[in-house]
1. Conditions first: (1) within 16 Å of the ligand (Cβ to nearest atom); (2) under 28 Å from residue 223 (Cβ atoms); (3) assigned to a helix (DSSP H, G or I). Residue 154 passes all but one, so which condition is the exception?
2. Go through 84, 92, 108 for me and flag whichever is within 10 Å of the ligand (Cβ to nearest atom), closer than 25 Å to residue 206 by Cβ and buried (at least 16 other Cβ atoms within 10 Å of the Cβ).
3. Go through the stretch 39-72 and count every residue that is within 12 Å of the ligand (Cβ to nearest atom), in a loop (DSSP other than H, G, I, E, B) and at pLDDT 95 or above.
4. If a residue counts only when it is surrounded by fewer than 21 Cβ atoms within 10 Å (Cβ to Cβ) and not assigned by TED's automatic domain parsing to the domain that holds residue 89, which strands (runs of 3 or more DSSP E) contained entirely in the stretch 165-238 have at least 3 such residues?
5. How many of the residues making up the stretch 133-148 are surrounded by 13 or more Cβ atoms within 10 Å (Cβ to Cβ) and either more than 9 Å from the ligand (Cβ to nearest atom) or part of a helix (DSSP H, G or I) (or both)?
6. Could you say whether any residue in the stretch 118-128 is part of a loop (DSSP other than H, G, I, E, B), at pLDDT 95 or above and within 16 Å of the chain's Cα centre (by Cα)?
7. Please go through the stretch 169-183 and pick out each residue that is touching a strand residue (DSSP E or B) at 6+ places or on another chain (Cβ under 8 Å) and either free of Cβ contacts under 8 Å to residues at least 24 places away in the same chain or away from the ligand (no atom under 15 Å from the Cβ) (or both).
8. Determine, yes or no, whether residue 84 is within 18 Å of the chain's Cα centre (by Cα), at pLDDT 95 or above and in a loop (DSSP other than H, G, I, E, B).
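The values are calculated or read from the model by the stated rules, or taken from the named source; none is laboratory data. None of the values given here were measured: they were computed from a predicted structure. Every residue, glycine as well, gets a Cβ built from its backbone with ideal geometry; the counts of neighbours run over all protein chains shown.
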Ligand code: SF4
């Protein structure tokens, strides 16, 4: 139970006690209790029976982070097969994603598409989303992208959780340490996270390097690490792996 909800209960229970004892005046919750309840309600989706239509509408109109609402071009909901067996999660939209309304569309996105296709999928057959649905704002006059803060990802995570509930993937790939932090609360370095399975709401999660990292470190050894993580994903899904797929990035391209 959250602290906010506990504080709200603490303010409400005495009023209920007075009602039970036969007090004549109508019960009123304290302002503190009402504010705490309001804050709790705003921090998570209240509905439990989301459909894709209602969820998309709610996320696209979300105003939970006023500073991001002010700076975003649009909310980046997520794309792909809404019944995918494999779901990729990044940390947050960057400038390209904010402009186009789709996750992973810049150079890192093109590399992710190549990885997905090397696995035998297409962008249309998997689902791709971010923990944070709005681009992290930048200080005035600064360009580029910044890492989302922990509290921003925590505020937005309930939306991703609802997406995952609807997709029901058999496996999730967290792209980068920040995505793993937002999704799993993991703060360990990537060298400790990658290559082993963790869980989110009972679904196996493989963490691997963000494609942007591979763009900065284009050595065959780093590419192979990511590929080995993807081979583990393919095995988890029971996919047949060809000898050619097994050998990817074991030797420099001729
Ligand atoms: S980042 Fe998430 S929680 Fe915050 S305003 Fe955007 S959609 Fe809402």
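1. (2)
2. 92
3. 6
4. Values: elements: 171-175, 197-200, 203-208.
Hits in the stretch 165-238: none.
5. Summing the residues that are surrounded by 13 or more Cβ atoms within 10 Å (Cβ to Cβ) and either more than 9 Å from the ligand (Cβ to nearest atom) or part of a helix (DSSP H, G or I) (or both) in the stretch 133-148 gives 5.
6. yes
7. 169, 170, 171, 172, 173, 174, 175, 176, 177, 180
8. Working: within 18 Å of the chain's Cα centre (by Cα): yes; at pLDDT 95 or above: yes; in a loop (DSSP other than H, G, I, E, B): yes.
So residue 84 passes the test.
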